[in-house]
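The values are calculated or read from the model by the stated rules, or taken from the named source; none is laboratory data. Remember, it's a predicted structure, so these values are computed and weren't measured experimentally. Please note: Cβ atoms are built from the backbone with ideal geometry, for glycine as well, and neighbour counts cover all protein chains shown.
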Amino acid sequence: MADFSYYIFCAMLLGGALVVLLSRGYVNAAMGMLCSMLGAAGLMVLMQCYFLAFVMVSVYAGSVLVLFVFVVMLIGDVKENSSIWRKIGIVGLWVVLGAFVGWVSPMLSQAAAGLSKTTEVVFLSQAKNYGLVLMTEFMLPFQIAGALLLAAMIGVMVVAKNPSRKKARRELV
């Protein structure tokens, strides 16, 4: 059963990524991204990384994807007219990049294994300690990231505002 679910989650992950790369509309790409994130969360559950799977579903699939769909609804869905050869080239580039990362990552993980501190790994192995570290040591970066996300959201609303309303107000005055 574990093998079957592994293949299902891998198919979700890769299929969603292909939909993101090959789709014409932004909403379809967002739904492909959702499928890919759910596949990645399922793989994390199979590896018994329950906290990371929860964070993946709640933060990325929940918040970020909803924000992305909200922005698309504000701006409007514009269809991109690119040729099939360009899309095949993009997919080929991602395959080559993925193969390169797959080739280099074992070497990097072996090099990083010698540098890791076992005391930090033991401390962060419990889920309650993530919040403690986040709210003490990483509080300033956490607040800066929140302020940047707020500024980006306000900027999107300003850019997406309908310019015809501005002209109508100027003509009335």
Conditions (1) under 22 Å from LEU97 (Cα atoms); (2) touching a Ser or Thr at 6+ places or on another chain (Cβ under 9 Å); (3) at pLDDT below 85 -> ARG24 fails only (1)
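Take the conditions modelled with pLDDT under 75 and outside any loop (DSSP other than H, G, I, E, B) and apply them to ALA152. Does it pass?
On the way: modelled with pLDDT under 75: no; outside any loop (DSSP other than H, G, I, E, B): yes.
Judged against the criteria, ALA152 is not a match.
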Test: MET12 is of a type outside the set (D, E, K, R), at pLDDT 80 or above, within 29 Å of LEU150 (Cβ to Cβ) and crowded, with 16+ Cβ neighbours inside 10 Å: no
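Please work out if MET47 is exposed (fewer than 13 other Cβ atoms within 10 Å of the Cβ) and free of Cβ contacts under 8 Å to residues at least 40 places away in the same chain.
So MET47 passes the test.
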Filtering the range 35-52 down to residues that are modelled with pLDDT of 85 or more, in a helix (DSSP H, G or I) and out of contact with any Gly (no Cβ under 7 Å at 6 or more places or on another chain) yields MET37, LEU38, ALA40, ALA41, GLY42, LEU43, MET44, VAL45, LEU46
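Please specify each residue of the range 129-146 satisfying the condition of being acidic (Asp, Glu) and surrounded by 11 or more Cβ atoms within 10 Å (Cβ to Cβ).
None - no residue of the range 129-146 is acidic (Asp, Glu) and surrounded by 11 or more Cβ atoms within 10 Å (Cβ to Cβ), so the list stays empty.
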